[in-house]
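What follows is a single structure, written as structure tokens, with notes after it.
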Amino acid sequence: MDKKYIATIGLEIHAELKTASKMFCACRNDPDEPKPNTNICPICMGHPGTLPVLNKEAIKHVLKIGYAIDGNVADFTEWDRKNYFYPDIPKGYQISQYKYPLISGGNLAGIELTRIHLEEDTAQSTHDIHQKSLVNFNRSGVPLMELVTEPVIHDAETAVSFAKELQLLLRYVGAGEANLEKGEMRVEANISVASPENTQAKNFGTKTEVKNLNSFKAVEKAIAYEIQRQSKLLERGEKVVQETRGWDENSGTTYSQRLKESSHDYRYFPEPDIPKLKISEIEEFDQKHITKETPELPWVKRDRFKKDFGMTDKEVSVFVDQPEVSKYYETVVEGNSKIIKLATNYILTDYLGLLKKDNKNLETIDAKNFSKLMAMIESKKLSSRGAKDTLVLLMSENSDPEILAEKNGLIQKSDEAEIKKIVVEIVSKNTSVVEDYKKGKEAALQYLVGQGMKLTKGSANPEILKKIILEIMSS
């Protein structure tokens, strides 16, 4: 982008919440239901005369997020009708929140938030090759959290980092899986570009909204493209049109969909069928109860793993981004601080790779057995080679690693008398290499050590092996 323009980005992110039933009815909330129009009833189908009933669990999920990001939790809140007609909105309006959202303010990943509110999701429309449109109402009425950031993001990378942190938070508190590829989390980006002086005066330029970005890669590419497109328009003296745009993955470009609506276009008014809500009057919505149910948050775990386990940022990110892996790791190192670094390295560089290759789950090797394997390495019972071989054996036979290593001749030999016999044989068979070492070639020593490790199938203690080779060569 031309340096004379500054991009300003605000995100609107919708996330489906994980609850047993939908937002206003008793229908199952099942994103994996294969049969269309199965989890439906007169309420989520918008039949006249039906009455919605609030889903308490959905409200608790949003409150968990609100308390986690230090947002202002509303004492008074209400629901509104957002009026517009699409085939996937059976009532002709969506029940949402407008003037009184559940959460206002807050901060996540260094980005200030405007609001977080609850609403119901729409049905799903599909269009077939015969130019027919089909509507599946299974998703209609599913609890949907909408989060809006302040316009304080200035590049695509920061926008993606924020979206990833929100996905992680939703998963940690159990509010939702937030899989973008399944449509469980949908990102919309409001983008504008302006000169530095206009930006400082809060005149951010004309914004466009790019909707329904279904991967983090798409979020990054669409924002970067839109910044470049708007900058070129301004450079040519043309105007940016305020509109809603789509993202074409194949061409890597955005395209115009429709002119952008304003809030007054939706003719919001309070939902008459749902009672007003005072959060302070409901004991289980109290912060004490909500935070008691909330697990350790991702950023708290990051700091703890760095402090307690001495991990690098890169190492921490793997463990924090995969809570099941961090839980396994903590079980492995519990009660034995000597294996902390070993367990970090072996899980990240060996175990996770083997699991992916063989398409197996984390419990393929019991945490207790993995911990014992690390202790055997730390106490020099296993060499590095022997440890890797034992790890591979454990993948097939999840049992006591010491018995397994013993059975397969992998326990590290430290008996000097036994190692001395092997060294005598190596030295006698490699007289020219011994002469090379005596002439000052250090690599010759490593060759002899390597021959010893080869003969013992990696089970000899390399330090003792090296010591005895030096003794015999100098005698």
*asked:* Suppose we filter 300, 320 for residues that are touching a Lys or Arg at 6+ places or on another chain (Cβ under 9 Å) and either at pLDDT below 95 or outside any loop (DSSP other than H, G, I, E, B) (or both); which single one remains?
replied: 320
_Which listed residue is in a helix (DSSP H, G or I) and either at pLDDT 95 or above or among the β-branched types (Val, Ile, Thr) (or both), from 241, 219_ = 219
*Scan segment 220-231 and give yes if some residue there is within 20 Å of residue 181 (Cβ to Cβ), in contact with an Asp or Glu (Cβ under 9 Å, 6 or more places away or on another chain) and among the charged types (D, E, K, R), otherwise no.*
yes
*What pairs come up if the first residue lies in segment 15-34 and is assigned by TED's automatic domain parsing to the domain that holds residue 65 and under 15 Å from residue 52 (Cβ atoms), the second is aliphatic (A, V, I, L, M) and not in a loop (DSSP other than H, G, I, E, B), and their beta carbons are under 8 Å apart, counting only those six or more places apart or on different chains?*
19/58; 23/58; 23/95; 23/118; 23/144; 24/95
*Restricting segment 178-225 to residues that are more than 24 Å from residue 142 (Cβ to Cβ) and in contact with a helix residue (DSSP H, G or I) (Cβ under 6 Å, 6 or more places away or on another chain), the residue that is surrounded by the most Cβ atoms within 10 Å (Cβ to Cβ)*: 191
*Just a yes or no: is a residue in segment 302-312 assigned by TED's automatic domain parsing to the domain that holds residue 119, loosely packed, with under 14 Cβ neighbours inside 10 Å and out of contact with any strand residue (DSSP E or B) (no Cβ under 6 Å at 6 or more places or on another chain)?*
no
*Being in contact with a Cys (Cβ under 9 Å, 6 or more places away or on another chain) and more than 18 Å from residue 118 (Cα to Cα) is the filter; apply it to segment 129-177 and report the residue that is surrounded by the fewest Cβ atoms within 10 Å (Cβ to Cβ).*
137
*Which of the residues belonging to segment 20-31 are assigned to a loop (DSSP other than H, G, I, E, B) and surrounded by fewer than 20 Cβ atoms within 10 Å (Cβ to Cβ)?*
20, 26, 30, 31
*Please specify each residue of segment 120-141 satisfying the condition of being over 26 Å from residue 51 (Cα atoms) and either of a type in the set (Lys, Arg) or touching a helix residue (DSSP H, G or I) at 6+ places or on another chain (Cβ under 8 Å) (or both).*
132
_Can you go through 363, 330, 324, 334 and tell me which one is among the acidic types (Asp, Glu), outside the structural domain of residue 449 (by TED's automatic domain parsing) and surrounded by 13 or more Cβ atoms within 10 Å (Cβ to Cβ)?_
330
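For every residue, the table says whether it meets (1) over 31 Å from the mean Cα position of the chain (by Cα); (2) buried (at least 16 other Cβ atoms within 10 Å of the Cβ); (3) over 30 Å from residue 111 (Cβ atoms).
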| position | (1), (2), (3) |
| --- | --- |
| 47 | yes, no, yes |
| 51 | yes, no, yes |
| 70 | no, no, no |
| 97 | no, yes, no |
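The values are calculated or read from the model by the stated rules, or taken from the named source; none is laboratory data. Computed from a predicted structure; not experimentally measured. Positions of Cβ are generated from backbone atoms using ideal geometry, with glycine treated the same way; all protein chains shown enter the neighbour counts.
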